[in-house]
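Enquirer: Here it is, the structure in full.
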Amino acid sequence: MQNSIITVRIHAGFNADAFLAGLLALTGQTSGTASAFLAKLFPEVEAGIDFGPRSVRSIAGYTARTLVAEGHVHRHLSDIARILDASRLSPEARAICNRVWETLGQAEARVHGTTLDDVHFHEVGRMANILSIGLAAECWVNLGSPRLAASPIPMGDGTVQCAHGAIPYPAPALFAMLDGVPVRPYGGEGEPVTPTGLAVLLGFGAEFGPWPAMTIETHATVFTPREFEDVPNGSLWAWGTELPKEFA
């Protein structure tokens, strides 16, 4: 699609699987096609994609979950690099993945006062995230690497539970990535955007701001498994073409 653009408008519930779900929904995929593509890209890992409809407050949308059997693990950036190197990802998709993980690693290094090589990931480094980001990156390359326009990130004063116990939202790694990123007020509780979700947006080269001037060809609504109370849920996705500057 010439002058292709994808926009994602984030409300509450955005992570790596939500990003993947948006791409799968826009391109008309199923659990079967997504799982088959994942198996082709990561033949040494037994995993699958659970993708399908989900409704929140009678609003229909989609959700995705990367299914892989794994206990709690700690991974360094070098461990993730080895998994990516053993995959069949294209060089372009691997470069996107590396940008995502290096962005997240640099944030973790700032939070913990250490170096990029010494950072070890807790929840964010689980295999499910590695696979969902890899699959999303290859999908992105197959779409011709369109322009990505995202809404400002919702920010509030909720609480997040993680390996370090109860911490304020935004989580420290998310907070460390916010320099130069537009944000907006969020009136709910919990974690509307995860650190991995923001790292994906940054690694995929997102621009942040209002709706872009575009002609919408297809659209989708995406939810995570969690429902957030008293605030709008999910993310709105649209794929199309940029309007000429004289009409923008």
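The values are calculated or read from the model by the stated rules, or taken from the named source; none is laboratory data. Nothing here was measured: the structure is a model prediction, and the numbers come from that model. All Cβ positions, glycine included, derive from the backbone under ideal geometry; neighbour counts span all protein chains shown. Please note that ligands, DNA and RNA were not included when accessible areas were found on the heavy atoms of the full protein model with its side chains. Shrake-Rupley method; radii C 1.70, N 1.55, O 1.52, S 1.80 Å.
Enquirer: May I ask you to list pairs of residues, at least six apart or on different chains, whose Cβ atoms are under 8 Å apart, with the first in the stretch 202-213 being loosely packed, with under 12 Cβ neighbours inside 10 Å and the second being modelled with pLDDT of 95 or more and part of a loop (DSSP other than H, G, I, E, B)?
Expert: Taking only residues 6 or more apart or on different chains, the pairs are Pro210/Ser151.
Enquirer: Could we say that Ile96 is free of Cβ contacts under 8 Å to residues at least 60 places away in the same chain, assigned to a helix (DSSP H, G or I) and surrounded by 18 or more Cβ atoms within 10 Å (Cβ to Cβ) here? Full working, then the answer.
Expert: Working: free of Cβ contacts under 8 Å to residues at least 60 places away in the same chain: no; assigned to a helix (DSSP H, G or I): yes; surrounded by 18 or more Cβ atoms within 10 Å (Cβ to Cβ): yes.
Judged against the criteria, Ile96 is not a match.
Enquirer: Another question, then. How about the stretch 112-146: which of its residues are open to solvent by less than 10 Å² (accessible area, probe 1.4 Å), modelled with pLDDT under 90 and among the hydrophobic types (A, V, I, L, M, F, W, C)?
Expert: Val119, Phe121
Enquirer: Need the failing condition index for Ala109 against (1) assigned to a helix (DSSP H, G or I); (2) in contact with a helix residue (DSSP H, G or I) (Cβ under 8 Å, 6 or more places away or on another chain); (3) surrounded by 15 or more Cβ atoms within 10 Å (Cβ to Cβ), just the number.
Expert: The number of the failed condition is (2).
Enquirer: I need the full set of residues from the stretch 190-248 which are part of a strand (DSSP E or B), among the polar types (S, T, N, Q) and under 13 Å from the mean Cα position of the chain (by Cα), in order please. Explain how you work it out, then say what you get.
Expert: Filtering the stretch 190-248 down to residues part of a strand (DSSP E or B) leaves 193, 207-208, 214-222, 234-242.
In the following step, the residues that additionally are among the polar types (S, T, N, Q) were identified as 215, 218, 221, 235, 241.
Across the stretch 190-248, the qualifying residue is only Ser235.
Enquirer: Return yes when Gly180 is farther than 25 Å from Trp211 by Cβ and either open to solvent by 40 Å² or more (accessible area, probe 1.4 Å) or in contact (Cβ under 8 Å) with a residue 60 or more places away in the chain (or both) and no when it is not.
Expert: Values: farther than 25 Å from Trp211 by Cβ: no; either open to solvent by 40 Å² or more (accessible area, probe 1.4 Å) or in contact (Cβ under 8 Å) with a residue 60 or more places away in the chain (or both): yes.
In short, no.
Enquirer: Taking the condition of being more than 18 Å from the chain's Cα centre (by Cα) and on the phi < 0 side of the Ramachandran plot, how many residues in the stretch 2-30 meet it? Spell out how you get there, then give the answer.
Expert: Residues of the stretch 2-30 more than 18 Å from the chain's Cα centre (by Cα): 2-4, 28, 30.
Filter once more, so that each one left must be on the phi < 0 side of the Ramachandran plot: 2, 4, 30.
Counting residues in the stretch 2-30 that are more than 18 Å from the chain's Cα centre (by Cα) and on the phi < 0 side of the Ramachandran plot gives 3.
Enquirer: Moving on to the next point. Of the conditions (1) of a type in the set (A, V, I, L, M, F, W, C); (2) in contact with a Phe, Trp or Tyr (Cβ under 8 Å, 6 or more places away or on another chain); (3) touching a residue at least 40 places away in the same chain (Cβ under 8 Å), Met127 satisfies every one except a single condition; which number is it?
Expert: For Met127, the exception is condition (2).
Enquirer: Filter the stretch 46-89 for residues that are at pLDDT 95 or above, open to solvent by less than 70 Å² (accessible area, probe 1.4 Å) and part of a loop (DSSP other than H, G, I, E, B); which is nearest to Ala136 (Cα to Cα)?
Expert: Per the stated criteria, the residue is Leu89.
Enquirer: Go through the stretch 149-169 and give me each residue that's touching a helix residue (DSSP H, G or I) at 6+ places or on another chain (Cβ under 8 Å) and surrounded by 18 or more Cβ atoms within 10 Å (Cβ to Cβ).
Expert: Scanning the stretch 149-169 gives Ala150, Ile153.
Enquirer: Right, another one. Could you grab me the full set of residues in the stretch 38-78 that are within 24 Å of Gly234 (Cβ to Cβ) and among the small types (Gly, Ala, Ser)?
Expert: Gly48, Gly52, Ser55, Ser58, Ala60, Gly61, Ala64
Enquirer: So which residues in the stretch 223-248 are in contact with an Asp or Glu (Cβ under 9 Å, 6 or more places away or on another chain) and open to solvent by less than 80 Å² (accessible area, probe 1.4 Å), if there are any at all?
Expert: Hits for the stretch 223-248 are Thr224, Phe228, Val231, Asn233, Ala238, Trp239, Gly240, Thr241.
Enquirer: While we're looking at this one, here's another question. Say whether the condition of being within 30 Å of Arg184 (Cα to Cα), aromatic (Phe, Trp, Tyr) and in a strand (DSSP E or B) is met by at least one residue in the stretch 18-38.
Expert: Filtering the stretch 18-38 for residues within 30 Å of Arg184 (Cα to Cα) gives 18-27.
Adding the requirement that they be aromatic (Phe, Trp, Tyr) leaves 19.
Add one more test, that the residue is in a strand (DSSP E or B), and what stays is none.
Among the residues of the stretch 18-38, not one is within 30 Å of Arg184 (Cα to Cα), aromatic (Phe, Trp, Tyr) and in a strand (DSSP E or B), which makes the answer no.
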